[in-house]
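Each reported figure results from applying straightforward, stated rules to the coordinates on display, with no laboratory input. Model, not experiment: these values are computed from the prediction. We place every Cβ from the backbone using ideal geometry, glycine too, and count neighbours over all the protein chains shown.
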Amino acid sequence: MTKNGMPLSVKGGTLPPNRRISLAVKAVRGMHDLLGEELFRWQSVEKKIREIIEAFGYQEIRTPVLEHLEVFTQAVGDNTDIVEKQMYQVQDRVHPDSDKAPETLVLRPEATSSVVRAIVEHQLHRLPHAQRLYYCLPMFRHERPQKGRLRQFHQIGAELIQDASPEADAETIVLLDTIFKSLGLAGSDYEIRINSVGDDKSRPVYKQKLVEYFKPHFESLCEQCKKRLERAPMRILDCKNESCQALALKAPRMVDFLDPESKAHYGAVKQRLKESGVTFEEDTSIVRGLDYYSRTAFEFTSPLLGAQSALGGGGRYDGLAARFGEDPFPAVGWALGMERLMLALEAKQLLKTDVRGPSYYFAALGPAAFDKLFNLSLSLRRKGVRVEMAYDKDKKLKWLMKQADRVGARYALLLGDDELKSGQASLKRLSDGNQESVALGTLEAELQRRAQNEA
Ligand code: HAM
């Protein structure tokens with residue numbers, strides 16, 4: 001079954017839902033298998049996104065799934081939901097003779113911290129040019145699963161390291177906008193909301209103003225925001241609780257407390273976005289759920305999604321490296337959620353559904369013909385031609401032709417022992433039933449030629 005509760009579509013048909021299965025053969029709650037047509041659609045979307053990101057000059061990075069706990073407690077911040085409630089923690093093993101306590105490792109809940117950890121580890125920020133890195137990786141957060149919110153989900157993200165200019169912020173936002181447009185989403189299918197959250201000098205002043213503003217209204221805050229008030233008052237601004245939202249509307253705004261450099265930076269980012277034709281809205285409630293942002297913060301939300309409307313988000317994080325005790329370096333980036341993007345594309349019917357079957361289905365009728373076709377199938381596959389063959393040796397023509405149809409082959413190649421003697425095989429095009437004879441002497445070259453022409 002797919003995550004939508006629909007029967008699973010795989011090549012050759014639709015599988016009935018299996019209703020009586022034990023826990024041991026069920027994926028963990030909030031985590032899903034990807035296979036069949038669904039995976040085919042994911043792969044074609046991923047391929048397109050990779051092409052666009054690479055055209056913008058980004059190179060892929062793959063970091064380990066497990067990181068030391070400190071990577072996230074230090075980088076994402078202790079006062080965030082991710083660190084407080086959502087991290088999957090694993091006790092590492094220690095040798096039975098060791099007297100060391102086992103270390104706590106974490107399944108990465110997000111990848112920006114891992115990327116910065118990798119940059120520092122490999123000293124990439126010391127290179128004399130900016131680094132553009134992207135990833136396409138599973139993330140793990142112990143959240144309450146619902147539509148568009150999973151415990152294992154997939155992000156594609158882009159990080160531009162060692163560039164403090166407003167053009168770098170604009171580039172990353174234009175990149176994400178280009179991705180969504182190239183996949184067929186229209187301007188009305190998503191909104192881009194941006195804000196500036198200031199820098200390390202201006203934010204403490206602003207936070208103090210917020211605490212002073214919210215304190216007299218303490219009793220009207222939700223339980224979570226009561227706790228946030230002293231430790232992370234900016235998080236109250238994006239609380240979904242009605243009473244907190246009503247208070248947040250009249251709260252002091254970060255944009256009014258920006259230091260002159262942050263203000264100029266924000267102005268230049270907006271100007272660049274306008275010039276590049278990107279439609280955006282300024283939204284002072286965008287503070288993001290991670291603690292490492294400075295200056296620009298942005299979110300792409302879509303009315304095509306339900307409650308979990310964020311398609312992607314990001315911002316600048318110039319102070320993150322310093323949290324690892326490293327000399328600070330400027331950086332900006334974003335991540336999009338693949339599951340949510342697929343939901344939005346599905347809602348707009350923008351997904352490819354045709355799983356491509358093999359070019360040829362080999363059907364042998366007789367032991368000598370079987371040997372000939374088996375060897376030919378391996379030879380063609382080694383040359384990159386997609387061939388499938390039935391290894392059941394006692395099947396009749398009717399069954400073999402049905403199989404060719406089920407696997408979605410373009411041609412069926414039929415060979416019996418009699419045809420083998422006469423030196424001719426039959427090639428049947430399954431779309432219209434057209435059948436021709438091909439001399440065995442030229443068969444391999446002919447099959448290769450047709451497959452290449454169709455590719
Ligand atoms: P984030 O806003 O936590 O940012 O996540 C980015 C995107 O991942 C969200 O907009 C959403 O589409 C998707 N997402 C998040 N949680 C879930 C979930 N439980 N299930 C399904 N999708 C989810 C970050 O992770 C930052 N590292 C982004 C960034 C990169 N900032 C700078 N560079």
Under a cut-off of 30 Å between alpha-carbon atoms, report the lysines in cross-link reach of residue 26, not counting same-chain residues fewer than 8 places apart. 3, 11, 47, 85, 147, 352
Quotient of C-alpha Rg and 2.2 N^0.38 Å, computed over region 27-85: 1.60
The value for region 172-271 (convex hull of the alpha-carbon atoms, volume per residue, Å³) is 131
Just flag the trypsin sites (Lys or Arg not before Pro) in region 74-171 sitting in loop per DSSP whose Cβ has no more than 16 other Cβ atoms within 10 Å. 93, 100, 147
Between region 49-75 and region 157-203, what is the C-alpha centre distance in whole Å? 17
Helix 36-55 sits at what angle to the longest principal axis of the chain, using alpha carbons and giving 0 to 90 degrees rounded to 10? 60
Show me the ranking of peptides 442-451, 155-164 by mean Cβ neighbours inside 10 Å, starting with the highest. 155-164, 442-451
Charge dipole (the chain, unit charges on Cβ, about Cα centre) - positive-most of 377, 321, 347: 377
In debye to the nearest 20, the charge dipole size for the chain, taken about the Cα centre with +1 at each Lys and Arg Cβ and -1 at each Asp and Glu Cβ, equals 1460
Taking the Cα centre of the chain as the origin and placing charges on Cβ (Lys, Arg +1; Asp, Glu -1), which of 303, 204, 72 is farthest toward the positive end of the dipole? 303
Could you size up the charge dipole of region 103-223 around its Cα centre, putting +1 on the beta carbon of Lys and Arg and -1 on that of Asp and Glu, and report it in debye to the nearest 20? 320
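With charges only on Cβ, +1 for K and R and -1 for D and E, what is the dipole size of region 277-405 about its Cα centre, in debye, rounded to 20? Spell out each step's value before the answer.
Values: 18 positive and 16 negative charges, 248 e Å.
Charge dipole of region 277-405: 1180 debye, to the nearest 20.
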Over the Cα atoms, compute the radius of gyration (one decimal) and Dmax (the largest Cα-Cα distance, rounded to a whole number) for the chain, in Å. 28.1, 96
Phi-derived 3J(HN,Hα) across region 151-157 with the Karplus relation (6.51, -1.76, 1.60, θ = phi - 60°), rounded Hz, x for Gly and Pro, is 8, 10, 9, 10, 10, 10, x
Compute the long axis of helix 202-214 from its Cα atoms, compare it with the longest principal axis of the Cα atoms of the chain, and write down the angle in degrees, 0 to 90, nearest 10. 80
On a 0 to 90 degree scale, rounded to 10, what angle separates helix 443-454 from the longest Cα axis of the chain? 30
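What FRET efficiency, computed as 1/(1 + (r/R0)^6) with R0 = 51 Å and r the Cβ-Cβ distance, is obtained for residue 426 and residue 66, rounded to the nearest 0.05?
Numbers: r = 55 Å, r/R0 = 1.08.
For residue 426 and residue 66, the calculated efficiency is 0.40.
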Run lengths n ≥ 4 of DSSP H only: what is the helix-derived mean residue ellipticity at 222 nm for the chain, with -39500 (n - 2.57) per run over all residues, to the nearest 500? -10500 deg cm²/dmol
Considering lysine pairs in region 199-334 that are 8 or more places apart or on different chains, how many have Cα atoms under 22 Å apart? 25
Taking the alpha-carbon distance from residue 372 and a cut-off under 23 Å, which lysines remain once sequence neighbours fewer than 8 residues away in the same chain are dropped? 383, 393, 395, 396, 398, 402, 421, 428
